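The values are calculated or read from the model by the stated rules, or taken from the named source; none is laboratory data. From a predicted model like this one, the values you see are computed outputs, not experimental measurements. Every residue, glycine as well, gets a Cβ built from its backbone with ideal geometry; the counts of neighbours run over all protein chains shown. Keep in mind that these areas ignore ligands, DNA and RNA; they rest on the heavy atoms of the full protein, side chains included. Shrake-Rupley method; radii C 1.70, N 1.55, O 1.52, S 1.80 Å.
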Amino acid sequence: MAVRPVVLLIEPHADHLERARQYLEEDCAKTFDVIALQTFDEARKKLQQLQDKRQPVAVALVRHSQDEQALRDFLVYGKDLFSGMKVILYADEANPRFAVEAKKGGLVDSTVDGAWDAPEVALAPILRDVLRMWETHAAKADVVKVYGDQWLPRCHDVKDLLARHRVPYRWIDLEKNQDEDAPPSPRVVFPDGRTLDDPTDEDLAQVLGFSISPESTFYDLVIVGGGPAGLAAAVYAASEGLRTVIVEKDVPGGQAGASALIENYLGFPDGLSGAELASRAVTQAQKFGTEILLTKHAAELRDDQGYRVIRLDDDTEIVSHAVLLATGVAYRKFEADGAERLTGKGVYYGAAAAEAARFRDQEVCLLGSGNSAAQAALLLARYVRKLTIITIDPSLETTMSRYLVDRIHALQNVALLPQTSVAEVKGADHVEVVVIENLETRERREIETPALFVWIGAKPRTDWVGDTLVRDEQGFILTGRDLKPGQLRSYEDGRSPYLLESSMAGVFVAGDVRHGSVKRVGSAVGEGAMAVQFIHQYLRER
């Protein structure tokens with residue numbers, strides 16, 4: 001008989017305990033065992049028994065206690081025993097200070113006020129969402145194994161792809177685990193026994209269940225780019241009956257998908273990782289019938305007798321009534337000597353989630369600024385002995401939100417080098433030394449480190465568009481009122497472009513790739529949703 005996961009309730013008040021137990025059994029008992037206890041001591045003993053039986057705990061619902069030290073000790077104990085256990089902290093009146101600190105420390109995942117007054121309203125949405133995410137990860141509980149050379153760039157690429165798809169994996173460094181029958185590097189072994197040697201992104205996408213070729217040659221809407229703007233547009237377009245396909249070269253989520261934690265996105269007061277946001281959005285888009293095509297990128301856009309044609313990099317062509325470009329931006333490479341040669345060998349762009357744990361108790365550097373760099377710094381600081389932040393700005397406040405600056409300054413293992421750049425990266429087979437230069441004094445010195453994480457801004461992914469669409473000097477695509485009458489193509493009856501419409505009629509633009517856009521996740525989502533309304537108007541005209 002399969003072992004059933006547990007929903008654990010800790011409720012000291014007898015009347016609430018019985019009411020809560022009944023609600024949880026009605027709501028969860030088909031899939032989970034519900035265990036209700038009154039004290040932390042009882043709960044500790046029960047957790048140990050469950051651990052001995054290897055019965056997993058999916059979620060613990062815990063009432064806030066006035067004895068906050070006892071509460072904290074229990075949460076630490078529970079998380080140590082069951083690292084995948086989610087904690088929902090509730091109270092009739094929540095204690096914001098304790099809850100915020102517990103969330104920062106990873107001890108609490110969600111908070112609820114008045115959980116048992118009207119659980120169907122207050123608790124149910126949060127609980128079901130937590131359980132759904134737990135079940136998604138439980139299906140991947142037998143983790144993927146990745147064998148390889150830690151300094152081989154392709155090994156880094158594979159780990160980064162799995163991390164951003166939220167696929168748990170165990171890294172086996174062949175240098176530290178020498179074996180006469182050592183597999184090729186990288187080798188990826190899946191729980192069902194499938195083995196991929198030096199897999200391409202297409203190989204991995206197929207095993208992970210994504211499409212790599214379109215199911216049709218014609219769609220109502222082709223969305224190029226699977227970041228927040230593209231995913232939001234897909235949800236609204238597909239839910240409103242448009243046959244929709246997303247074309248995404250990389251992993252859905254865009255640059256936001258690489259963010260360690262997004263805390264200022266409306267509706268998620270606890271914050272969520274970029275990968276989690278992308279995973280939720282992909283599930284939502286697919287629920288409405290959106291097709292997601294991975295490992296392919298658009299190579300050409302053209303007008304064909306009123307239809308819009310996207311040619312992919314493998315020469316496959318997709319025809320549609322309308323196109324939405326939401327290609328976002330790519331990490332900007334920096335030009336220091338040695339940087340290109342050592343990319344993937346200690347120089348990493350936006351890869352904190354995939355590589356942070358590997359540099360536990362070591363000293364690493366981060367080059368850059370902005371909120372994404374700040375979130376990467378906070379993640380790295382959990383693992384490394386010392387993190388040195390190198391920025392050309394005079395202070396972090398220049399480009400980071402205040403709440404992130406305050407957190408970074410509070411960390412004891414973070415050093416800041418303002419008005420400083422990286423002049424050179426040295427190392428034979430991997431990064432060994434970073435040469436920094438003070439921009440005021442021009443003084444140079446060396447920092448010994450095995451890793452340099454880079455977040456120095458981005459450029460739009462629009463080179464493939466060429467002269468087909470009007471772009472600004474930086475490559476961002478002009479839309480709406482930024483276009484002049486002489487720049488418009490395929491427009492009939494003297495119509496002016498809609499707000500998010502490009503110089504080619506029927507081709508819309510949303511998110512960071514658009515000239516004048518606000519570079520925020522919330523803004524990208526809003527533009528993606530708004531673009532669908534303009535697309536409907538365009539289709540009605542046709």
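Out of LYS79, LYS30, LYS53, which single residue is open to solvent by 60 Å² or more (accessible area, probe 1.4 Å) and closer than 23 Å to ILE126 by Cα?
LYS30
Give just the number: which of (1) of a type outside the set (D, E, K, R); (2) open to solvent by 20 Å² or more (accessible area, probe 1.4 Å); (3) modelled with pLDDT of 75 or more does VAL108 not satisfy?
It is condition (2) that VAL108 fails.
Taking into account only those residues within the range 155-187 that are within 19 Å of ALA205 (Cα to Cα), of a type in the set (Lys, Arg) and open to solvent by 60 Å² or more (accessible area, probe 1.4 Å), which is modelled with the highest pLDDT?
ARG187
What number goes with the only condition from (1) crowded, with 20+ Cβ neighbours inside 10 Å; (2) farther than 27 Å from GLY344 by Cα; (3) over 25 Å from the mean Cα position of the chain (by Cα); (4) of a type outside the set (A, V, I, L, M) that THR420 does not pass?
Exception for THR420: condition (2).
In the range 230-253, which residue that is in a loop (DSSP other than H, G, I, E, B) and surrounded by fewer than 23 Cβ atoms within 10 Å (Cβ to Cβ) is modelled with the lowest pLDDT?
Among those that are in a loop (DSSP other than H, G, I, E, B) and surrounded by fewer than 23 Cβ atoms within 10 Å (Cβ to Cβ), it is ASP250.
When you go through (1) farther than 20 Å from ASP157 by Cα; (2) in contact (Cβ under 8 Å) with a residue 40 or more places away in the chain; (3) open to solvent by 20 Å² or more (accessible area, probe 1.4 Å) one by one for HIS297, which number turns out not to apply?
Tallying (1) farther than 20 Å from ASP157 by Cα; (2) in contact (Cβ under 8 Å) with a residue 40 or more places away in the chain; (3) open to solvent by 20 Å² or more (accessible area, probe 1.4 Å), HIS297 fails exactly one: (1).
Suppose the filter is loosely packed, with under 13 Cβ neighbours inside 10 Å, within 29 Å of the chain's Cα centre (by Cα) and closer than 25 Å to GLN22 by Cβ; does VAL121 pass it?
Yes.
Within the range 466-481, can you find the residues that are in contact with an Asp or Glu (Cβ under 9 Å, 6 or more places away or on another chain) and under 19 Å from GLY528 (Cβ atoms)?
Residues satisfying the conditions are PHE476, LEU478, THR479, GLY480.
Name the residues in the range 459-488 that are open to solvent by 30 Å² or more (accessible area, probe 1.4 Å) and either within 30 Å of GLN419 (Cβ to Cβ) or in a helix (DSSP H, G or I) (or both), would you?
Across the range 459-488, the qualifying residues are LYS459, ASP463, TRP464, ASP472, GLU473, GLN474, PHE476, ARG481, ASP482, PRO485, GLY486, GLN487.
Give me a count of the residues in the range 263-280 that are in contact with a strand residue (DSSP E or B) (Cβ under 9 Å, 6 or more places away or on another chain), part of a loop (DSSP other than H, G, I, E, B) and not aromatic (Phe, Trp, Tyr).
Matching residues across the range 263-280 total 5.
For HIS409, work out the one condition from (1) without any contact (Cβ under 8 Å) to a residue 24 or more places away in the chain; (2) out of contact with any strand residue (DSSP E or B) (no Cβ under 7 Å at 6 or more places or on another chain); (3) in a loop (DSSP other than H, G, I, E, B) it doesn't fulfil.
(3)
Quick test of your reading of the structure: LEU208 fulfils all but one of (1) surrounded by 18 or more Cβ atoms within 10 Å (Cβ to Cβ); (2) touching a His at 6+ places or on another chain (Cβ under 8 Å); (3) among the hydrophobic types (A, V, I, L, M, F, W, C). Name the failing condition by number.
(1)
Is one or more of the residues making up the range 375-393 closer than 30 Å to TYR491 by Cα, in contact with a strand residue (DSSP E or B) (Cβ under 7 Å, 6 or more places away or on another chain) and at pLDDT below 90?
No, the range 375-393 has no match at all.
Among the residues of the range 508-515, is there at least one that is in contact with a Gly (Cβ under 7 Å, 6 or more places away or on another chain), assigned to a strand (DSSP E or B) and crowded, with 22+ Cβ neighbours inside 10 Å?
No, there is no match, as no residue in the range 508-515 is in contact with a Gly (Cβ under 7 Å, 6 or more places away or on another chain), assigned to a strand (DSSP E or B) and crowded, with 22+ Cβ neighbours inside 10 Å.
Scanning for something of a type in the set (D, E, K, R) and open to solvent by less than 20 Å² (accessible area, probe 1.4 Å), does the range 518-525 turn up at least one residue?
no
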